[in-house]
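Undergrad: Shown below is the structure under consideration.
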């Protein structure tokens with residue numbers, strides 16, 4: 001007897017079933033992989049937070065400057081870390097580029113993270129004398145560092161322009177629509193960007209708030225800045 005093979009219709013049915021299963025399972029696998037990368041990013045930020053805390057303990061309870069002749073704040077805290085690769089988020093392509101900030105005093109660090117410049121320094125500019133740690137009355141409620149996908153403005157999450165902020169262009173929410181945030185007390189939380197300004201202002205001072213640039217009370221500004229919300233939503237929409 002001749003052995004009967006598969007008919008064309010049977011083969012097409014099998015192929016269709018495999019295609020349907022692949023369409024169902026691939027997104028699940030992708031989300032699971034991203035979840036693992038999110039955890040790795042959280043671990044990185046936790047180590048960076050420990051580096052910041054060790055630095056402030058050695059330097060009169062004061063945050064490092066954003067940028068100074070010695071290097072960026074990330075470069076300055078790098079001796080407290082085992083490897084500069086903790087500055088590289090596995091999900092963020094911006095982390096593949098190292099930055100020296102024009103100095104040879106410290107090693108180059110990968111991009112992808114940026115500090116909240118208004119929490120670090122009074123006016124947010126590079127040469128400002130940094131805030132003391134004690135100026136922040138709610139360190140568990142203020143973001144110290146967020147994620148960036150830009151290489152244009154490394155080290156700083158620039159939010160000062162409220163409705164004109166660069167956050168949609170520079171921010172990163174590639175962890176299944178969320179982003180990891182390091183807070184000033186050292187804990188790390190995964191949140192949607194809009195959640196950072198929905199019922200409470202986790203960022204602090206914005207330009208529209210006004211006030212004396214040297215006023216340390218600006219670090220404790222908690223009122224929601226409504227103009228930021230649609231900009232954060234625009235960032236989320238990209239993912």
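Laboratory data are not the source of any read-out in this text; all were calculated from the coordinates shown. As the structure is a prediction and not an experimental result, all values here were calculated from the model. Cβ placement follows ideal geometry from the backbone for every residue including glycine, while neighbour counts extend to all protein chains displayed.
Undergrad: Going by C-beta contacts inside 10 Å, put 131, 59 in order with the fewest on the left.
TA: 59, 131
Undergrad: Cβ neighbours within 10 Å, averaged per peptide: list 106-114, 47-55 in order, most packed at the top.
TA: Sorting 106-114, 47-55 by mean packing, highest first, produces 106-114, 47-55.
Undergrad: I've got another one for you. Would you order 86, 14, 157 from fewest to most other beta-carbon atoms within 10 Å of each residue's own beta-carbon?
TA: Going from least to most buried by this count: 14, 86, 157.
Undergrad: If you rank 43, 78 by fewest surrounding Cβ atoms within 10 Å, what's the result?
TA: With the fewest neighbours first, 43, 78 line up as 43, 78.
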